[in-house]
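**Q** The structure follows.
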Amino acid sequence: MDIPKKLRACWHPVAYAHEVPAEAPHGTMLLDEPIVIWRGENGQAMAMKDVCIHRGTALSLGWLDKGCLVCPYHGWHYDETGACVKIPQTTNPNIPTKARTQKYLCQERYGLIWVALEEPVYDLPEIPEFEDGGWKIVNTGPFPWNADASRQVENFTDFGHFPWVHPGLLGDVNRPVVPDYTVETKGHVLHYTVVRPEASNTDDFPVFANDEVVTPERRSRYELHLPYTIVLRLGWGGEKGMVYFYVGQPISADKCRGYCIIGRNYDFDQPDSVLQGFEDTIFDQDKRIVESQRPDQVPFDLADELHLKFDAVAINYRRAMQDQGLAYYHYLDIA
């Protein structure tokens with residue numbers, strides 16, 4: 001299936017910043033493209049096609065030497081522009097102009113390394129809470145799933161499944177009704193707010209600021225940035241709040257890797273492992289469900305699945321992905 005060209009012109013996460021040390025390259029996949037991430041001598045992250053032009057070897061298996069990425073097969077050196085600047089097997093100083101690998105746009109922000117395969121059409125969302133120094137930031141995951149990134153992001157914002165997939169953690173089977181809400185689409189961003197009941201904190205995962213409320217309600221304010229990014233701000237009626245930043249890496253049509261970064265302005269002394277363990281549990285519960293869905297990608301033709309009123313996010317997401325030229329097209333195949 002052809003990848004929508006516009007998906008290549010979006011910023012996508014490819015790694016947590018800490019996964020790319022200064023000493024070694026990091027290999028990954030993005031939209032079926034092999035990518036190598038490495039840091040130059042100034043520590044800046046760079047992205048190139050993970051293929052040596054000589055014999056197609058993965059450059060991510062190599063090493064770094066004086067600001068160059070070295071192919072592990074024949075020792076060819078590639079500089080920060082993607083050009084080969086040293087071929088040890090010859091004394092000829094004239095290196096062929098074809099001896100290079102493609103360089104991609106790359107930036108580091110919010111503790112993630114981002115890559116765009118073509119000139120990006122959208123900016124990254126602004127999350128001032130993550131950069132003003134007043135919030136505790138916790139990285140969770142990453143979460144690799146055998147499903148398309150569209151399925152993972154849609155699951156993250158699906159309200160109807162909480163009581164059934166996450167009972168006692170995010171929902172209550174005795175209060176399954178999804179309250180009415182409205183989705184407003186502005187360009188490539190969907191905006192919506194939901195006030196809904198949730199389960200109380202558990203002894204294992206005291207992560208939310210709702211301890212003294214008997215039947216807690218959570219106000220969830222969402223921004224869904226196409227194609228695969230969510231900024232979710234949570235509140236319980238007081239000053240305490242959380243910001244969830246979820247973004248999916250589209251590895252291929254049936255594989256993705258989700259990153260979930262959480263900020264909060266309370267419980268600064270709580271170990272990161274509590275939130276990390278909570279998200280590990282939640283994503284594991286979701287994973288077996290979403291990996292069972294057919295097709296692996298969200299079917300963007302609204303006629304392919306049944307939608308009810310509480311599916312307003314999914315309906316608007318699928319329409320917006322089509323309108324923005326980001327949607328895969330296929331016939332529903334559940335075989």
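**Q** Cβ under 15 Å from Ile95's Cβ, Ile95 left aside: what net charge do those residues give with Lys, Arg +1 and Asp, Glu -1? Don't jump to the answer; show the numbers that get you there.
**A** Numbers: positive: Lys86, Lys98, Arg100; negative: Asp79.
Net charge around Ile95: +2.
**Q** Arranged by the count of other C-beta atoms within 10 angstrom, fewest first, what order do Val194, Val121 take? Don't skip to the answer; put the middle values down first.
**A** Numbers: Val194 19, Val121 15.
Starting with the residue having the fewest Cβ neighbours, the order is Val121, Val194.
**Q** Right, another one. Per the chain: cysteines with no other Cys C-beta under 4.7 angstrom?
**A** Unpaired cysteines in the chain: Cys10, Cys68, Cys84, Cys106, Cys256, Cys260.
**Q** Let me ask another. Quick one: net charge of Ala253's neighbours, Cβ under 9 Å, K/R +1, D/E -1? Each step should come with its number before you reach the end.
**A** Working: positive: Lys255; negative: Asp32, Asp148, Asp254, Asp296.
That works out to -3.
**Q** Hey, rough spin-label estimate for Gln89 and Arg219, points 7 angstrom out along Cα→Cβ, what's it come to in nanometres?
**A** Label-label distance for Gln89 and Arg219, simple model: 6.6 nm.
**Q** How much of the calculated P(r) for the stretch 128-323 lies past 29 Å, in percent of all Cα pairs? Mind showing how you got there, number by number?
**A** Numbers: 3625 of 19110 pairs.
Every Cα pair in the stretch 128-323 considered, those over 29 Å come to 19 percent.
**Q** If you stretched the chain out fully between Thr97 and Val121, how much longer would it get, using 0.36 nm times the residue separation minus the C-alpha to C-alpha distance?
**A** Working: separation 24, 0.36 × 24 = 8.64 nm, distance 2.99 nm.
Length gained, Thr97 through Val121: 5.7 nm.
**Q** Summing +1 for each Lys or Arg and -1 for each Asp or Glu, what net charge is found among the other residues whose Cβ lies under 13 Å from the Cβ of Ala24? Numbers along the way, then the final one.
**A** On the way: positive: Arg39; negative: Glu19, Glu23, Asp65.
Local net charge: -2.
**Q** Estimate the FRET efficiency between Lys136 and Glu19 by the formula 1/(1 + (r/R0)^6), using the beta-carbon distance for r and 25 Å for R0, to the nearest 0.05.
**A** Numbers: r = 21 Å, r/R0 = 0.84.
For R0 = 25 Å, the calculated efficiency reads 0.75.
**Q** For a quick check of your reading of the filter: which GluC sites (Glu not before Pro) in the stretch 1-96 sit in a DSSP loop and have no more than 12 other Cβ atoms within 10 Å?
**A** Details: sites: Glu19, Glu23, Glu41, Glu80; in loops: Glu23, Glu41, Glu80.
Within the stretch 1-96, the qualifying GluC sites (Glu not before Pro) (loop, at most 12 other Cβ atoms within 10 Å) are Glu23, Glu41.
**Q** Hey, got a sec? Which trypsin sites (Lys or Arg not before Pro) in the stretch 44-132 land in a DSSP loop and have at most 14 other Cβ atoms within 10 Å? Walk me through the numbers before you get to the answer.
**A** Details: sites: Lys49, Arg55, Lys66, Lys86, Lys98, Arg100, Lys103, Arg109; in loops: Arg55, Lys66, Lys98.
Those satisfying the criteria are Arg55, Lys66, Lys98.
**Q** Run the numbers on the chain and let me know its relative contact order in percent, using alpha-carbon pairs under 8 Å that are six or more apart.
**A** Details: 678 pairs, mean separation 58.6, N = 335.
Once divided by the residue count of the chain, the mean separation gives 17 percent.
**Q** Do any chymotrypsin sites (Phe, Trp or Tyr not before Pro) in the stretch 243-297 lie in a loop, going by DSSP, with at most 12 other beta-carbon atoms within 10 Å of their beta carbon, and if so which?
**A** Numbers: sites: Tyr244, Phe245, Tyr246, Tyr259, Tyr266, Phe268, Phe278, Phe283; in loops: Tyr266, Phe268.
Passing sites in the stretch 243-297 are Phe268.
**Q** Further question: Can you tell me the FRET efficiency between Glu184 and Glu291 if r is taken as the Cβ-Cβ distance and R0 is 41 Å, rounded to the nearest 0.05? Intermediate values should be presented prior to the final figure.
**A** Numbers: r = 31 Å, r/R0 = 0.77.
E between Glu184 and Glu291, to the nearest 0.05, is 0.85.
**Q** Just list whichever of Lys287/Lys309; Lys5/Lys255; Lys5/Lys103; Lys136/Lys240; Lys186/Lys255; Lys6/Lys287 have alpha carbons separated by over 22 Å in the model shown. Please report the intermediate quantities before stating the final value.
**A** Numbers: Lys287/Lys309 25 Å; Lys5/Lys255 18 Å; Lys5/Lys103 18 Å; Lys136/Lys240 12 Å; Lys186/Lys255 28 Å; Lys6/Lys287 27 Å.
Correct reply: Lys287/Lys309; Lys186/Lys255; Lys6/Lys287.
**Q** Take Ile3 and Gln276, extend 7 Å from each Cα along the Cα→Cβ direction, and tell me the distance between the two endpoints in nm.
**A** 3.0 nm
**Q** What are the aspartates and glutamates whose alpha-carbon lies under 17 Å from the alpha-carbon of Lys86, with same-chain residues fewer than 8 places away excluded?
**A** Output for Lys86: Asp65.
**Q** Using alpha-carbon pairs under 8 Å, 6+ residues apart, how would you state the relative contact order of the stretch 5-116 in percent? Show your work: numbers first, answer last.
**A** On the way: 231 pairs, mean separation 30.2, N = 112.
Worked out over the stretch 5-116, it gives 27 percent.
**Q** Suppose only helical runs count, i.e. DSSP H with n ≥ 4. What mean residue ellipticity at 222 nm does that imply for the chain under -39500 (n - 2.57) per run, divided by all residues and rounded to the nearest 500 deg cm²/dmol?
**A** Values: 4 runs with 43 residues, N = 335.
When only DSSP H runs of four or more count, the value is -4000 deg cm²/dmol.
**Q** Quote the convex hull volume per residue of the stretch 5-116, based on C-alpha atoms, as a whole number of Å³.
**A** Values: hull volume 10.8 nm³, N = 112.
With only Cα atoms used, the stretch 5-116 gives 97 Å³ per residue.
**Q** If each residue's Cβ is checked for other Cβ atoms within 10 Å, how do His166, His18 rank with the fewest at the top? Could you put the intermediate results ahead of the total?
**A** Values: His166 17, His18 9.
Arranged by neighbour count, lowest to highest, His166, His18 become His18, His166.
Read-outs throughout are calculated quantities, based only on the coordinates presented, and are distinct from any laboratory measurement. Worth saying up front: this structure is predicted, and the values here are computed from it rather than measured. Cβ sites come from the backbone with ideal geometry, for glycine too, and all protein chains shown count toward neighbours.
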